[in-house]
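The values are calculated or read from the model by the stated rules, or taken from the named source; none is laboratory data. Computed from a predicted structure; not experimentally measured. Virtual Cβ from ideal backbone geometry, glycine too; neighbours counted across all protein chains shown. When the accessible area is computed, the model is the full protein with side chains, heavy atoms only, and any ligands, DNA or RNA have been set aside. Shrake-Rupley method; radii C 1.70, N 1.55, O 1.52, S 1.80 Å.
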Amino acid sequence: MTRPRLATGARLGYDEVRKEHVLLVPEGAVRLNRTAAEVLELCDGQRSVDEIVGALSERYDGADLRDDVRGLVEAMAQKGLVVDAAA
Amino acid sequence: MQQPRPFTLIAELSYRCPLHCPYCSNPVDIGAEKYRRELETEHWIRTFHEGRALGVLQLALSGGEPMLRRDLVELCAASRDAGLYSSLITAGTHFTRERAEALKSAGLDHVQISVQSPNAEENDRIAGNRSFEKKIAAARVAKELDFPLTINCVLHRQNLDRVEEVLDLALDLGAQRLELANTQYYGWAVANQQALMPTWEQLRRAEEAVERFRERVGPKIDVLWVLPDFYEDLPKPCMGGWGRTAIVVAPNGEVLPCQAASTIPGLEFANVREHPLEWIWNESDAFTRFRGTEWMQEPCRSCPLGRQEADFGGCRCQALRLTGDAAATDPVCRFSPHHDRVVAARESAQTDEFVYRAIKRPVRA
Ligand SMILES: C[S@@+](CC[C@H](N)C(=O)[O-])C[C@H]1O[C@@H](n2cnc3c(N)ncnc32)[C@H](O)[C@@H]1O
Ligand code: SF4
Ligand code: SF4
């Protein structure tokens, strides 16, 4: 995965009623915790995974988030929710 | 008890439609006076916002043919504004590039196009009008505008043997999803049951074709295939359970827990012209009548498998149709004293003649 982006038609949202982040897709919604929502927001097809890790660890006082980000992006890619913009 | 929160709102914008599908799930009295008084734009917009406030995230713009509404662009913009994810459920014949572009910029999220068959001639025969070429053009436009595309095909005995071609067509069109929807028997499908009912052999072969396709093509396209429930012996939770996940608003503003609920005599449907959606969901007769498990009779009441909250006793409309009592256990269930009627319904097909869905009698294609 070089430059991840959301799959066509997937859209991030915040559900005010249930107070949670969601990824909206055709006929469905994937519930997201805050970190996952932040990672997916950075999956814009421009940034590389390393750049996403960099942007996030700046926000979190330099914490090493490499494995978390990679894990999440891989899991979302397996479900077809994230694709590689470079492919 | 904590009320469930709805997830999907099905907005049946109009029952008008240029096609005449003999399996159409719309009510057989679509021509009736009460359906001609369609909701105004403002009613729909208010309903979208009220739906979101209740918890709805997914909006299906359906019908009839939703593209026949002149305010569709406005409704798509309102859906986005309300925070909903919108799907256009269309037969595709009016989905021209110009209109599609307007819908795209208004914020429509997803397009689902139905085909009656992957074969042009058969498609047009089943639809009762010439529409195949327009559907294919519509699918290509949806792709060009970068809409996620779902292809839908309602399956029955007269097209099931072409499942392989349906799969290839969806792949060729670049669909993300393919809904292979085995006919559900309500609306016009009841009148045509004898001409639609497949054989077990047909279903088995179709299922194998789906399996082979999934293996060959992988996750690139999500193929939804569900066996028709008259071949099961435990029911499904119809609509995710009565009054639990879905709200259907008919063209005239009546609010139903499922598309077929209007066939249940004695149920009262509140109208969005007169009541807030929240009251309708929480309090109205139609939504509370079969919600939860309190209303259940035997054998559900003392279900040997404890499945009350798993299937909610199955489909109320099917119970009504096969037993005469909407509060009976769905006869698909092997514990139902009427299960033999489902077994009998498996005896397949006796005619190939269709009765076409029509408001007036259609001109044959
Ligand atoms: C009633 S149609 C309205 C939208 C549009 N006219 C169309 O046909 O795509 C809504 C969806 O239900 C499907 N459908 C219609 N009758 C059905 C039935 N008896 N069983 C299962 N699905 C059905 C259609 O293929 C379509 O995807
Ligand atoms: S299923 Fe066919 S007849 Fe019914 S609304 Fe859709 S296109 Fe029209
Ligand atoms: S008896 Fe009722 S609750 Fe039990 S499996 Fe059958 S339909 Fe479901």
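Here are a few things to note about the model shown:
- Here the stretch B:161-193 is the region considered, the condition is being out of contact with any strand residue (DSSP E or B) (no Cβ under 8 Å at 6 or more places or on another chain) and away from ligand 1 (no atom under 13 Å from the Cβ), and the residue that is farthest from B:Arg205 (Cα to Cα) is B:Asp172.
- Filter result for B:Val56 (in contact (Cβ under 8 Å) with a residue 12 or more places away in the chain, within 12 Å of another protein chain (Cβ to nearest Cβ) and part of a loop (DSSP other than H, G, I, E, B)): yes
- From the list B:Leu155, B:Leu173, B:Leu196, B:Leu203, the lone residue that is free of Cβ contacts under 8 Å to residues at least 40 places away in the same chain and open to solvent by less than 60 Å² (accessible area, probe 1.4 Å) is B:Leu173.
- Meets criteria (among the small types (Gly, Ala, Ser) and within 16 Å of ligand 2 (Cβ to nearest atom)) for B:Ala181: yes
- Counted residues, the stretch B:216-248 - those being buried (at least 16 other Cβ atoms within 10 Å of the Cβ), farther than 18 Å from B:Asp285 by Cβ and among the hydrophobic types (A, V, I, L, M, F, W, C): 5
- Among residues of the stretch B:27-67, those that are of a type in the set (Ser, Thr, Tyr) and within 16 Å of ligand 1 (Cβ to nearest atom), counted: 2
- Candidate set: the stretch B:90-133, residues that are farther than 17 Å from B:Cys24 by Cα and part of a strand (DSSP E or B); chosen: the one nearest to ligand 3 (Cβ to nearest atom): B:His110
- Residue identified as in a helix (DSSP H, G or I) and away from chain A (no Cβ under 14 Å) among B:Arg157, B:Arg212: B:Arg212
- Residue in the stretch B:79-88 that is more than 14 Å from every other protein chain (Cβ to nearest Cβ) and at pLDDT 95 or above present: no
- Complete set of residues in the stretch A:2-33 that are more than 10 Å from chain B (Cβ to nearest Cβ) and open to solvent by 80 Å² or more (accessible area, probe 1.4 Å): A:Arg3, A:Arg5, A:Lys19, A:Arg31, A:Asn33
- Taking residues in the stretch A:1-28 that are in a loop (DSSP other than H, G, I, E, B), and partners anywhere that are of a type in the set (Lys, Arg) and open to solvent by less than 40 Å² (accessible area, probe 1.4 Å), the pairs with Cβ atoms closer than 9 Å and at least 6 places apart or on different chains are A:Glu16/B:Arg52; A:Val17/B:Arg52; A:Pro26/B:Arg177; A:Glu27/B:Arg177.
- Helices (runs of 4 or more DSSP H) wholly inside the stretch B:257-336 that include at least 3 residues being buried (at least 16 other Cβ atoms within 10 Å of the Cβ): B:277-283, B:285-288, B:316-323
- Residue within the stretch A:37-50 that is without any contact (Cβ under 8 Å) to a residue 24 or more places away in the chain and more than 26 Å from B:Ser79 (Cα to Cα) present: yes
- Looking across the stretch B:59-75 at every residue that is away from ligand 2 (no atom under 16 Å from the Cβ) and away from chain A (no Cβ under 14 Å), the one that is nearest to B:Val272 (Cα to Cα) is identified as B:Leu75.
- Residue satisfying all of: in the stretch B:9-40; open to solvent by 30 Å² or more (accessible area, probe 1.4 Å) and more than 22 Å from B:Tyr185 (Cα to Cα); farthest from ligand 3 (Cβ to nearest atom) among these: B:Glu40
- In summary, B:Lys236 fulfils each of the numbered conditions (1) at pLDDT 95 or above; (2) away from ligand 2 (no atom under 16 Å from the Cβ) with the single exception of condition (1).
- Members of the stretch B:46-56 found to be buried (at least 19 other Cβ atoms within 10 Å of the Cβ) and out of contact with any Pro (no Cβ under 9 Å at 6 or more places or on another chain), listed by number: B:Thr47, B:Phe48, B:Arg52
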